[in-house]
1. Among the residues of segment 210-222, are any assigned to a helix (DSSP H, G or I), in contact (Cβ under 8 Å) with a residue 12 or more places away in the chain and closer than 30 Å to A179 by Cα?
2. Could you please find all residues in segment 69-95 being within 15 Å of the chain's Cα centre (by Cα) and not hydrophobic (A, V, I, L, M, F, W, C)?
3. Filter segment 74-91 down to the residues that are at pLDDT 85 or above and open to solvent by 40 Å² or more (accessible area, probe 1.4 Å) and list them by number.
4. Return a yes/no flag: does segment 108-127 have any residue that is at pLDDT below 80 and open to solvent by less than 30 Å² (accessible area, probe 1.4 Å).
5. Name the pairs whose Cβ atoms lie under 6 Å apart, with the first residue in segment 115-140 and touching a residue at least 12 places away in the same chain (Cβ under 8 Å), the second of a type in the set (S, T, N, Q), and 6 or more positions between them or separate chains?
6. List, please: which pairs have Cβ atoms under 6 Å, are six or more places apart or on different chains, and start with a residue in segment 153-166 that is charged (D, E, K, R) and end with one that is open to solvent by less than 10 Å² (accessible area, probe 1.4 Å) and at pLDDT 90 or above?
7. Given the conditions (1) open to solvent by 40 Å² or more (accessible area, probe 1.4 Å); (2) out of contact with any Asp or Glu (no Cβ under 9 Å at 6 or more places or on another chain), report the number of the one that T65 does not fulfil.
8. Condition first: under 30 Å from I269 (Cα atoms), open to solvent by 20 Å² or more (accessible area, probe 1.4 Å) and more than 17 Å from the chain's Cα centre (by Cα). Now tell me which residues in segment 96-107 satisfy that.
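The values are calculated or read from the model by the stated rules, or taken from the named source; none is laboratory data. The shown structure was predicted, so the numbers you read here are calculated from the model rather than taken from an experiment. Using ideal geometry, Cβ is built from the backbone for each residue, glycine included, and neighbour counts are taken over all protein chains shown. The accessibility values were calculated without ligands, DNA or RNA, using every heavy atom of the protein model including side chains. Shrake-Rupley method; radii C 1.70, N 1.55, O 1.52, S 1.80 Å.
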Amino acid sequence: MKTEGFVRDFARRSVQRPWRLAAEASALLIAAVVAFPLYWMVLSAFKPAGEIESTEPRPWTLDPTVDSFRRVFGQQEFGRYFLNSLVVAVTVVAVSALIAFLAATAVTRFRFRFRTTLLIMFLIAQMVPVEALTIPLFFQMRDLGQLNTLGALILPHIAFSLPFAIWMLRGFVKAVPEALEEAAYIDGASRTRFLWQILFPLVFPGLVATSVFSFISAWNDFLFAKSFIISDTSQSTLPMALLVFYKPDDPDWGGVMAASTVMTIPVLIFFVLVQRRLVSGLGGAVKD
C-alpha cells in the first residue's frame, strides 16, 4: 500500500512539474521585463555622454563615470527639491493613514444613514481620472491661497489617497471580531483605548500597505507640481528637477537618468523598511 501511494504521489508531482516550471519561467520573464527599464536607467546614469548619444546602444559600459551625478548634485536647488519631496510624501502618508484608519473604523463599526452610499462614493472617486480634476483643483488651490506652496501638493494627494486607503482598511477592521471589542469594554477599556492600543496594532499591516501607495504617488508626482507651483521654484519637488536637465535643443540624458536614479533610492529604502509588513498587509487584503 505504501508503494502504491508513493507511485501515485510521484506521478502526480511529475504531471504538475512542467506546469510549475512554466509558471516559474513566466514569472522570471515578467520580472526581467519589469526590471530592464530600471537597469537601463542606472546604466545610462553611469555611461559617458558619447555612449548615451551613440546610435548603437549597448546594454553595458566599459568606461563608467559619475559625471552625471556630479552635475545633479552640483545643482544648487537639488537638495531643496529633495527636501520638499520628502516633506510632501511623509505628510501625505501620515495624514492620510490617520484619517483613513478613523474613517474605516467609523464605516465598519457604526451604523448610520447613507453609510452604503458613502462607501459607493469611495469607489466612484477612484474611477475619476486625476487629469480631469486638475483644472478645478487649480482654481480651488488659488481660492485657498495655496498656489506656489507645498500645501497645493499635500492637500490633493491626501484627497486622492483616502478613498483607496479607507476601502482597503475597511477589510482589516472588519476582520477584527466584535467579541474582542466587547471583551475589552468588559475589562474596563475605553473606546479610545481600544481604538489605539488594540485595534490599531491589528490593522497596522493594512496601514503599511496603503502607505506605500500614498508614498509612491506623492513622491513621483509631476502633474500637480507642474500645475500648482508656477513661479516660486523654491517650492518645487524632485520630479520638477528633471526639467533642469531636459532641454528641447540639447537634452542632458545622463543628468536625467542620474536624477531619476537618485529619486528611486528613497522609494527602495521605504520598501525595504516596510517589506514584511507590506507582504502581510497585502495578504490580509487578498484574504478579505
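1. First, pick out the residues of segment 210-222 that are assigned to a helix (DSSP H, G or I): 210-219.
When the remaining residues are screened for being in contact (Cβ under 8 Å) with a residue 12 or more places away in the chain, the result is 210-219.
Applying the additional criterion that residues be closer than 30 Å to A179 by Cα yields 210-211.
The answer is yes, given that some residue of segment 210-222 is assigned to a helix (DSSP H, G or I), in contact (Cβ under 8 Å) with a residue 12 or more places away in the chain and closer than 30 Å to A179 by Cα.
2. Listed by number, the residues that qualify are S85, T91.
3. Let us first name the residues in segment 74-91 that are at pLDDT 85 or above, namely 80-91.
If the condition is that a residue be at pLDDT 85 or above and open to solvent by 40 Å² or more (accessible area, probe 1.4 Å), then R80, F82, L83, L86, V87, V90, T91 are the ones that fit.
4. Yes, because at least one residue in segment 108-127 is at pLDDT below 80 and open to solvent by less than 30 Å² (accessible area, probe 1.4 Å).
5. T134/S227; F138/S227
6. Hits for this filter: zero, empty list.
7. Looking at each condition in turn, T65 falls short on (1).
8. Hits for segment 96-107 are I99, L102, A103.
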